[in-house]
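Every read-out reported here was derived from the displayed coordinates using simple, explicitly stated rules and does not represent laboratory data. From a predicted model like this one, the values you see are computed outputs, not experimental measurements. For neighbour counting, all protein chains shown are included, and Cβ atoms are generated from backbone atoms with ideal geometry for every residue, glycine included.
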Amino acid sequence: MKILIAGGAGYIGLAPIPKLLDREYDIEVIDLLWFGCFLPSQVKVNQKNIFDVTREDLHGCD
């Protein structure tokens, strides 16, 4: 299952992502990265404003 998390590189996003990875979810994050990116390397990060997301960005997400 592929999960898209908007703002996932921020404070709140950092808490659930490791738990989701432990359960073998495929995680993708859309974030502006204002505060950097401290996510695990297996997380795909798309540096983008959530208001600029296209259908292609959501393709394959559950």
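Listing for the model above:
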item: Set of aspartates and glutamates with alpha-carbon distance to residue 44 below 16 Å, sequence-local pairs under 8 removed; result: 22, 24, 26, 28, 31, 56, 57, 62
item: Label assignment, semi-axes √(5λ) of the Cα gyration tensor in Å derived from the structure, set [x] 29, 13, 4; [y] 46, 11, 9; [z] 17, 15, 8; result: [z]
item: Ranked packing of 42-48, 25-31, 7-13, 52-58, most packed first, by mean Cβ within 10 Å; result: 25-31, 7-13, 42-48, 52-58
